[in-house]
Amino acid sequence: MTAKTSERRTGEPRTRALTPARIAVLVLAALALVFLFENTADTEIRLLVPVVTMPLWVALLATGVIGALCGSCLTLARRRR
């Protein structure tokens, strides 16, 4: 018998299937966007000493981005070990 070969030919684009994990990420991202845009009122945020007034959705989005960056940094550090 011969070794198994890939049925994908060079030059053909690779299709990306919707796995349950990808579907869950899409659903969570949609829910996060709905949550962000439902919270549009201005809010006061204390940053150590100064008080900043901004829309709540901006503060939530910034917090989410910071959390995603921290998570990706931890994932990269774990892969390097």
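Values as computed for the structure displayed
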read-out	value
Spin-label model distance (nm) - LEU18 vs VAL65, 7 Å beyond Cα toward Cβ	2.9 nm
From phi via Karplus (6.51, -1.76, 1.60), per-residue ³J(HN,Hα) for the range 59-72 in Hz, x at Gly/Pro	5, 5, 5, 4, 5, x, 5, 4, x, 5, 5, 5, x, 5
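Every read-out reported here was derived from the displayed coordinates using simple, explicitly stated rules and does not represent laboratory data. These figures come from a predicted structure and were not determined experimentally. Here the Cβ is made from the backbone with ideal geometry for all residues, glycine too, and neighbour counts use every protein chain on show.
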